[in-house]
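Below is one structure, written out as structure tokens; the observations come after it.
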Amino acid sequence: MSTTHDATAAPDLSDPALYINRELSWLDFNARVLALAQDPDVPLLERCKFLAIFSSNLDEFFMVRVAAVQDALEAGRLPSTPDQLPRDEVLDRVAVRVRELTTEQSRVWDEDIRPALAAAGIEVVPYTGLTSDERLRIDAQFDREVYPVLTPLAVGPGLPFPYISGLSLNLGLRVRDPVKGETRFARIKVPPRLPRFLPVDDRLVPLEDVIESHVDRLFPGMEVLDTSRFRVTRDADFSISDESDDLLGAVEAQLQRRRFGHVVRLEVEADAPEGLVADLMEALEVSSRDTFRISPPLDFTSLWMLASLDRPALRDAPWEPRTRARLRPEEGERTDLFAAIRRGDILVHHPYDDFHTSVERFVEQAVEDPNVLAIKQTVYRTSGDSPIVPALMRAAEQGKQTVCLVEVQARFDEERNIQWARALERAGAHVVYGLSGLKTHAKLCLVVRREGDRVRRYVHIGTGNYNPSTARLYTDLGIFTCREDLAEDVADLFNHLTGFARPPMYRRTLVAPAHLRDGVIREIDRAIEGHSPESPSRVVMKLNSIIDGPIIAAIYRASQAGVTVDLIVRGITGLRPGVPGVSDNVRVISIVGRFLEHARVFAFTVGGETGYWIGSADMMARNLDNRVELVAPVDEPQGCDEIQALIDMQLMDTALAWELGSDGAWRRRLPAPGEEPFNSQDALMEHASRQAARSA
């Protein structure tokens, strides 16, 4: 039962104690990823995958978030987030937490996963653990494939400390000339294009271990005093001036500078000699706070190689997405998506619904159809082998008006997007890079089609990128519609982004940065005003992150008014549920499983009626103020029912769900005694299979 408090007696909603720091909350999310690697019920190679994901996530966290905090601290900027935690304290607490998590990651590998792999016939061993016969074969492989690629670099007179590329794995050595008595630092880069594990029979030897065991070959006549593997992480964040006349050129220039960003983290082996570590810290200008001692392997992203081994029994059962009945072709025919959409809006949920037979087919049919006059699409992230961008190129070559809004500032996909943009321009497409100072993050495709004596617009509005690879791994929603009000809004947004005009007044959609925050707060306020014991209101949000102060304050007000608020947040969570007088009626859970929860869903129940919305935006200042986002209503009854079923299943989850307490700690949600765990992702796969079988 919801609890109502007198708002006048409640604490000040701007009190920093009511908010959780963004960086620390993100580390809690990555701890939930690590928990999947710890879980013995998760298949063994999937556990390797989660160890790799944990490290990959942490790399990006340092490259972007830690780098940003360091820059802000150096510039003397005051905290801008509601928690108001001083930046030096943030960095101190991040360092402590990261050490805890990486220590646990190493323990899980050494004590749990590596022994289990060995028992399953996948043995990872050091070079010294090989038999003499195995060493001979590895030595021969080293001579053939590794030694010719290696380049030792020494530091000395006329030889400055070498540039260390970000995320590269290196051997640091102190080498002594026994004749002259001179000692120098030297570095060997582990070649990134070689496999990280070398096979010998059914055993795997880390490449860096093999190199370290042969360093005498690289320094003939010298005495190697100390060795340690090390790795640096560099600042990879950058911003483009709002006044830049050439956005593409500005991004390319910044990409060149990114390689040389300052070092934000130094990782060394746990038992690295103190003198060698001191030399590295001095040369790289890294503090002790930002130096982390790690048990090998130093770079756990190397476990992607193990996770990809062809051992089906050691991984999740494969999932083949289903095609919805309305998108399924008649015998011997191809699906006519436009006809299906004219019969009513269609909601799709990936990866449970097939991306190829829905989103890709929508674009491909638009390219093939001679009645299609124009195609307009946003591209934020897509894969290198995506069929969607080549399809848009074919449309342009056919003379169809083809407009592509390519976001060349999509972090870590900038180079790929620049390549796509240039290819599209060569094909004759109109390529637009968005508005100055804003990233275009909305997921939209608009098709204009001649039908008799009229023109009809078809629209896809999604929560995820037009990326067929991630569509098999990320959970996302999309809606196909030809309704005039939604199509008009999407058309107006494209015209605003490609033309020169004031932001339009949208009919049904909420668009950032114009009025998305205000629209969400308006819906929350409507729930507050319409709430009564006889007709209780409810707010549900499913997000990647929620950290925006005004949105959180509105949620707190709703809770104080007695409105039930359920938040399903995969990642960063800046509010505290269950605080007496503030958030008694707020519940926050996080679902972390085999699929990455990526959909953004909003549901507002007022007066017995529930309105559902989907879109591209998280509740963060960057999304609401600095990005072009679009959130659209879902009106079709079946689509509404499916979104509600998704919400209900995830709120019931006792297998993948974590719940946030008022103390800021996440706790694994467990089934009641005697009950089987309920896995919402498994349930959604079963639901999709039943739907497909029923309509077959």
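The values are calculated or read from the model by the stated rules, or taken from the named source; none is laboratory data. On a predicted model such as this, the values are computed, not experimentally measured, just so you know. Here the Cβ positions follow ideal geometry from the backbone for every residue, glycine too, while neighbour counts run over all protein chains shown.
Side notes on the structure shown:
- Which listed residue, of Pro329, Pro351, is within 30 Å of Ile122 (Cβ to Cβ), not assigned by TED's automatic domain parsing to the domain that holds Ala120 and not charged (D, E, K, R): Pro351
- Search result, residues across region 602-635 that are in contact with a Leu (Cβ under 7 Å, 6 or more places away or on another chain), in a strand (DSSP E or B) and at pLDDT 95 or above: Ile614, Gly615, Met619, Glu629, Leu630, Val631, Ala632, Val634
- Condition check for Val124: out of contact with any Cys (no Cβ under 6 Å at 6 or more places or on another chain), of a type in the set (Val, Ile, Thr) and crowded, with 16+ Cβ neighbours inside 10 Å: yes
- Of note, Ile528 does not satisfy the criterion of being under 31 Å from the mean Cα position of the chain (by Cα) and among the hydrophobic types (A, V, I, L, M, F, W, C).
- Filter pass, Met685 being assigned to a helix (DSSP H, G or I), under 30 Å from Val379 (Cβ atoms) and of a type outside the set (S, T, N, Q): yes
- Pairs where the first residue, in region 66-94, is buried (at least 19 other Cβ atoms within 10 Å of the Cβ) and the second is outside any helix (DSSP H, G or I) and among the charged types (D, E, K, R), C-beta under 6 Å, 6+ apart: Ala67/Asp235; Ala67/Asp237
- Residue match in region 97-104 (condition: basic (Lys, Arg) and either within 16 Å of Ser25 (Cβ to Cβ) or more than 23 Å from the chain's Cα centre (by Cα) (or both)): yes
- Positions within region 24-48 being charged (D, E, K, R), touching a Phe, Trp or Tyr at 6+ places or on another chain (Cβ under 7 Å) and either assigned to a loop (DSSP other than H, G, I, E, B) or under 24 Å from Ala317 (Cα atoms) (or both), in sequence order: Arg32
- Taking the criterion of being closer than 21 Å to Arg32 by Cβ and among the charged types (D, E, K, R), the residues of region 101-123 that qualify are Glu104, Arg107, Glu111, Asp112.
This table checks each residue for (1) farther than 20 Å from Ala52 by Cα; (2) charged (D, E, K, R); (3) assigned by TED's automatic domain parsing to the domain that holds Ser308; (4) not in a helix (DSSP H, G or I).
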{"site": "Gly121", "(1), (2), (3), (4)": "yes, no, yes, yes"}
{"site": "Asp139", "(1), (2), (3), (4)": "yes, yes, yes, no"}
{"site": "Phe142", "(1), (2), (3), (4)": "yes, no, yes, no"}
{"site": "Leu153", "(1), (2), (3), (4)": "yes, no, yes, yes"}
{"site": "Gly166", "(1), (2), (3), (4)": "no, no, yes, yes"}
{"site": "Gly172", "(1), (2), (3), (4)": "yes, no, yes, yes"}
{"site": "Gly181", "(1), (2), (3), (4)": "yes, no, yes, yes"}
{"site": "Ala186", "(1), (2), (3), (4)": "yes, no, yes, yes"}
{"site": "Pro191", "(1), (2), (3), (4)": "no, no, yes, yes"}
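- Residue count, region 443-486 (criterion: part of a helix (DSSP H, G or I) and surrounded by 20 or more Cβ atoms within 10 Å (Cβ to Cβ)): 2
- Check on Leu651, surrounded by 15 or more Cβ atoms within 10 Å (Cβ to Cβ), in contact with a helix residue (DSSP H, G or I) (Cβ under 8 Å, 6 or more places away or on another chain) and not in a loop (DSSP other than H, G, I, E, B): no
- Filter pass, Arg522 being farther than 21 Å from Asn623 by Cα and assigned to a helix (DSSP H, G or I): no
- Odd one out for Thr103 among (1) under 23 Å from Leu44 (Cα atoms); (2) crowded, with 16+ Cβ neighbours inside 10 Å: (2)
- Options Arg587, Arg667, Arg594: the member that is of a type in the set (D, E, K, R), in a strand (DSSP E or B) and in contact with a helix residue (DSSP H, G or I) (Cβ under 9 Å, 6 or more places away or on another chain): Arg587
- Residue check for Glu642: part of a strand (DSSP E or B), of a type outside the set (Lys, Arg) and in the same structural domain as Ser545 (by TED's automatic domain parsing): no
- Within region 337-354, the set of residues being assigned to a loop (DSSP other than H, G, I, E, B) and either surrounded by fewer than 18 Cβ atoms within 10 Å (Cβ to Cβ) or modelled with pLDDT under 95 (or both) comprises Arg343, Gly344.
- Filtering Pro199, Pro195 for residues that are in the same structural domain as Gly129 (by TED's automatic domain parsing) and in contact (Cβ under 8 Å) with a residue 24 or more places away in the chain leaves a single hit, Pro195.
- Residue list for region 502-528, restricted to those being in contact (Cβ under 8 Å) with a residue 12 or more places away in the chain and surrounded by fewer than 21 Cβ atoms within 10 Å (Cβ to Cβ): Pro504, Arg507, Arg508, Pro513, Gly519, Ile521, Glu523, Asp525, Arg526, Ile528
- Residue that is surrounded by the fewest Cβ atoms within 10 Å (Cβ to Cβ) [pool: residues in region 288-336 that are of a type in the set (Asp, Glu) and under 27 Å from Arg203 (Cβ atoms)]: Asp310
- Scanning region 262-304 for residues that are touching a Phe, Trp or Tyr at 6+ places or on another chain (Cβ under 6 Å) and either of a type in the set (Gly, Ala, Ser) or in a strand (DSSP E or B) (or both) turns up Val264, Arg265, Glu267, Val268, Ala283.
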